[in-house]
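> Structure in structure tokens, see below.
The values are calculated or read from the model by the stated rules, or taken from the named source; none is laboratory data. If you're wondering where the values come from, they're calculated on a predicted model, not measured in any experiment. Cβ placement follows ideal geometry from the backbone for every residue including glycine, while neighbour counts extend to all protein chains displayed.
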Amino acid sequence: MSSENGKSSSALNIAFMQRKFNATFFLPLIVLVIDLVIHLNLPNKQGFTTTKYYPVLLEMLIIIYFVLLILSTKNWRLLEKLSEKGPLLMAVFVLLEIWDVVTLKLKLLPLPYFPGPDKVLNALFTDWSLLGLSTLYSLRLLFTGYIIGALIGLVAGILMGWSKKWNYWISPLLKVVGPVPAIAWIPIALVVFPTSFWASVFIIAIAVWFPVAVMTSSGIVNVQNAYFEVAKTLGATQKYLIFKVAIPAASPTIFIGLFMGMGSSFLTLIVAEMLGVKAGLGWYLTWAQGWADYSKVYASLIVVSVIFSSLITLIFAIKDRVLIWQRGLIKW
């Protein structure tokens, strides 16, 4: 009887999803086709030569989404995913065409500050080598500063959370130095460090150190005493209590600190790269703005958004794997 109820419920769910499929799943595809028709047939008013990058992008999106629709008829998870993301994709495609219409087609927003998507895509593809090199320099600077800041923050947080003696000395430093914006240390960093690269690393490390230290110490302080009492009765040493009890129990809070530190490093990176480094996305932004080439400015912003969003997604993926019992508690 229960199996029959399960089968009937599954059949009802499939029927419901099929009705929902007919109602909403084709809307993003329809919007994409409308975008392509408008771009190809509405005359341009912005005075520059267009490329094939934007219409090719729309054609590729149409093909990809159409293939996904076909595959979703036999894949329940893909069907559910498209059902969830369909309205959002439709809104994105609508905004994309509004951008194209108000810039390239109607010239409601002036050049050079508001280029259309075609010109931005052209900048992405024609200047990919310099953008790629700048991205590599930015990642090198970001990871160097983030790793140094995270390690110092973890050590400081563990010492503060575990030892009242260490907390007595580190806590005042944290309260005085931590709240100061990282970019406020730029004049001192330029004087103290021999190169602009290490001055930038220092700025990023300062931005990361504060949230990681605060969240790590808070996590260790809030570990339940019962965990330590049980471990002590089994003969645990102090080293064991720190590395096998306190840190694992505080790991959810530590990951929050690492996430906050990554966000702070993003905010600081672009400013840090304006200290005189010879490459990087911050340098690229300044260089493109100096030439009033705002298509390259927007292209670099797209690259920044994709890379930084991917890195934060990676942190959350690691968190979900390490802290499997807390999967989905904090989403990105």
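> Find all pairs meeting these conditions: Cβ atoms under 7 angstrom apart; at least six residues apart or on different chains; first residue within segment 149-161 and basic (Lys, Arg); second residue assigned to a helix (DSSP H, G or I).
Within 7 Å, no pair qualifies.
> Okay, moving on. What are the residues in segment 119-137 that are in contact (Cβ under 8 Å) with a residue 60 or more places away in the chain and under 12 Å from Lys296 (Cα atoms), if any?
Lys119, Val120, Leu121, Asn122, Ala123, Leu124, Phe125, Asp127, Leu130, Leu131 - these are the residues of segment 119-137 that are in contact (Cβ under 8 Å) with a residue 60 or more places away in the chain and under 12 Å from Lys296 (Cα atoms).
> Of the conditions (1) at pLDDT 90 or above; (2) buried (at least 20 other Cβ atoms within 10 Å of the Cβ), Arg140 fails just one. Which one is it?
Of the numbered conditions (1) at pLDDT 90 or above; (2) buried (at least 20 other Cβ atoms within 10 Å of the Cβ), the odd one out for Arg140 is (2).
> Would you confirm whether or not segment 168-179 contains a residue that is under 28 Å from Ser310 (Cα atoms) and out of contact with any helix residue (DSSP H, G or I) (no Cβ under 6 Å at 6 or more places or on another chain)?
Checked segment 168-179: at least one residue is under 28 Å from Ser310 (Cα atoms) and out of contact with any helix residue (DSSP H, G or I) (no Cβ under 6 Å at 6 or more places or on another chain).
> Give Gly257, Gly261, Gly282, Gly235 a once-over and let me know the one that is in contact with a Phe, Trp or Tyr (Cβ under 8 Å, 6 or more places away or on another chain) and either without any contact (Cβ under 8 Å) to a residue 40 or more places away in the chain or of a type outside the set (S, T, N, Q) (or both).
Gly261
> Here is a further query. Give the residues of segment 23-59 that are more than 18 Å from Ala91 (Cα to Cα) and of a type outside the set (Ser, Thr, Tyr), sorted by residue number.
Within segment 23-59, Leu40, Asn41, Leu42, Pro43, Asn44, Lys45, Gln46, Gly47, Phe48, Lys52, Pro55, Val56 meet the criteria.
> Could you grab the pairs with beta carbons closer than 6 Å, sequence gap of 6+ or different chains, first residue in segment 288-307 and without any contact (Cβ under 8 Å) to a residue 60 or more places away in the chain, second one of a type in the set (S, T, N, Q)?
These pairs meet every condition: Val297/Gln289.
> Out of all the residues in segment 167-184, which are more than 14 Å from Phe210 (Cα to Cα) and buried (at least 16 other Cβ atoms within 10 Å of the Cβ)?
Asn167 - this is the single residue of segment 167-184 that is more than 14 Å from Phe210 (Cα to Cα) and buried (at least 16 other Cβ atoms within 10 Å of the Cβ).
> Return the residues of segment 278-332 that are surrounded by 12 or more Cβ atoms within 10 Å (Cβ to Cβ), within 30 Å of Pro115 (Cβ to Cβ) and modelled with pLDDT under 80; say none if nothing qualifies.
Correct list: Ala279 only.
> I'd like to verify a number: residues in segment 281-314 that are over 13 Å from Tyr137 (Cβ atoms) and either of a type in the set (Gly, Ala, Ser) or not assigned by TED's automatic domain parsing to the domain that holds Tyr146 (or both), how many?
Here the count works out to 8.
> State yes or no: is Leu131 crowded, with 16+ Cβ neighbours inside 10 Å and touching an Asp or Glu at 6+ places or on another chain (Cβ under 9 Å)?
No: the conditions fail for Leu131.
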